[in-house]
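Laboratory data are not the source of any read-out in this text; all were calculated from the coordinates shown. Since this is a predicted model, take the numbers as computed values, not measurements. Positions of Cβ are generated from backbone atoms using ideal geometry, with glycine treated the same way; all protein chains shown enter the neighbour counts.
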Amino acid sequence: MVEALSSIMRNSRPSNLLLYGKTGTGKSSITQYVMSKLAEKAPDSILSCYLNCQTFDSPYSILINVAKSVSGNDNIPPSGWPLDRVYTELSSKIEKSKKYLVIILDEIDKLVEKNGGDSLYVILKAADESKGAKTSIIGITNDTSFTEKLDSRVKSRLNQESIVFPPYNASELKDILEPRVKGILAENAIEEPALNLCAAIGAQEHGDARKAIDLMRIAIELAIRDDKEIVTTEHVYRSRDRLETDVLKETIRTLPTHTKIVIMGCIAASEMNKTNMITGEIYANYKDICHDMKIPPVSSRRVSDLLSDLEDAGLITTTIRSLGRYGRTRYIQLNEKEKEMKKYLMEDEEMGNFEASTKSIQTRFGNYEANNTNLDKILTAADEGSEAEIS
Ligand SMILES: Nc1ncnc2c1ncn2[C@@H]1O[C@H](COP(=O)(O)OP(=O)(O)OP(=O)(O)O)[C@@H](O)[C@H]1O
Ligand SMILES: [Mg+2]
């Protein structure tokens, strides 16, 4: 990154850059660090403007904010100017400043997701056309398929150079963690294995520094709450459980209503000792719960899609088994956190009627279980029927 940007020191415009990498690999923080160092070295030649596209999510708000940060004053209204006036203003401001401007668009994929590739084109064009072409753009994303969604004129403009941020390994994560505790905690307040464990877990999670830091922070909090002088691996393990619980709770909370009901249907089936469920069974439970909650059910095809969403969210796993000439069946298993999932669903406001519905399902299933012995007899008889030709 420094190499690419150092062309400013040689009085030439740096290429636009695209930075990729998984979450927590340091893209945002390192970019800001590099920019601040460059600004220290060459205060008369560099201006930079860092914007997160989660917040600044339209070309208008981006260009307005860039113009404001360049001019350092507020004579530009937050809205009301046509885009080309913002353009002209920005362009003349850059010219006046006689500096190179680097616009950093973090989470650039969010801008495109919301406004399409054209929005990016507008910004790239504004940068290209700034007088004397002294503006470059650094786009940052953790979506590796991001450029595939762009059309070629945007892609080639933005991706003049790209840098991939690789995952941190455990020893790098340890280097990131260590200085953070120095000066805050007494020496050796975190035992070495505890520090190593935070780093190792972060490395396992695609080298995520944020995860490693969060793990350590919570481990320290837990030790303080326990009135312990030393943070041990036990605190780190508890910290990991806490983090995972938070993620699960949040995942469940943010599921759409029908998806919540589908997962309730899975839990109801699983509580009847069914570990390998099929879509039909889950759909039957789903419809029962919808009925109890007085919500119109969606089609079974749609529930099938919702099951795929649940698999993507890691709440269930599915295995497809071939049944020879009878086609293929999808078997569904809940993930091992079933009890927690149920607890969070029960706590969910939307699911106020859930308890009542599970009871009704269990009663229905209860009867089914009672009759099951008869069914079993019939099935065994069929199995043993001469040459097993009875289905
Ligand atoms: N090299 C590093 N030295 C010190 N701290 C680091 C380093 N890299 C990352 N961190 C810390 O790790 C955390 C995550 O980093 P950062 O926010 O830069 O990740 P990111 O790649 O932008 O992630 P995301 O894709 O989720 O936005 C931050 O708290 C940051 O300070
Ligand atoms: Mg980031």
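Size descriptors for the range 170-248 (Cα atoms only): Rg and Dmax, in that order, 11.4, 35 Å.
How tilted is helix 279-293 with respect to the longest principal axis of the chain? Cα atoms for both, answer in degrees (0 to 90, nearest 10). Rounded to the nearest ten degrees, it is 80. Each part gets one Cα centre, and for the range 236-252 versus the range 273-329 those centres are 26 Å apart. Given the chain reduced to its alpha-carbon atoms as identical point scatterers, what log10 I(q)/I(0) does the Debye formula return at q = 0.06, 0.11, 0.13 Å⁻¹? Each listed q corresponds, in turn, to -0.40, -1.00, -1.12. To the nearest ten degrees, helix 27-41 and the longest principal axis of the Cα atoms of the chain are 10 degrees apart.
Between I184 and H291, the simple label model (points 7 Å from Cα in the Cβ direction) yields a spacing of 5.5 nm.
What does the net charge come to around L185 if you take all other residues with beta carbon closer than 14 Å to its beta carbon, with K and R at +1 and D and E at -1? Write out the running numbers ahead of the final one.
Details: positive: R180, K182, R217, K228; negative: E178, E187, E191, E192, E221, E229.
Charge balance near L185 sits at -2.
Basic side chains Lys and Arg get +1 at the Cβ, acidic Asp and Glu get -1 at the Cβ, and with that the dipole of the chain about its Cα centre reaches some 1560 debye. A straight chain from K37 to M9 at 0.36 nm per residue would run longer than the Cα-Cα distance by 8.8 nm. Which one of F56, S97, L83 is farthest out on the positive end of the charge dipole of the range 1-146, using unit charges on Cβ (Lys, Arg +1; Asp, Glu -1) and the Cα centre as origin? Towards the positive end, the residue furthest out is S97. Only one residue of G72, Y237, N11 has its Cα farthest out toward the positive end of the dipole of the chain, where Lys and Arg carry +1 and Asp and Glu -1 on Cβ, and that residue is N11. Using C-alpha pairs under 8 Å with a sequence gap of at least 6, the mean separation divided by the residue count of the chain gives a relative contact order of 13 percent. In whole angstrom, note down how far apart the Cα centers of the range 162-177 and the range 193-224 are. When both Cα centres are located, 14 Å separates them. About its Cα centre, the range 2-165 has a charge dipole of approximately 460 debye under the convention of +1 per Lys or Arg Cβ and -1 per Asp or Glu Cβ, with nothing else charged.
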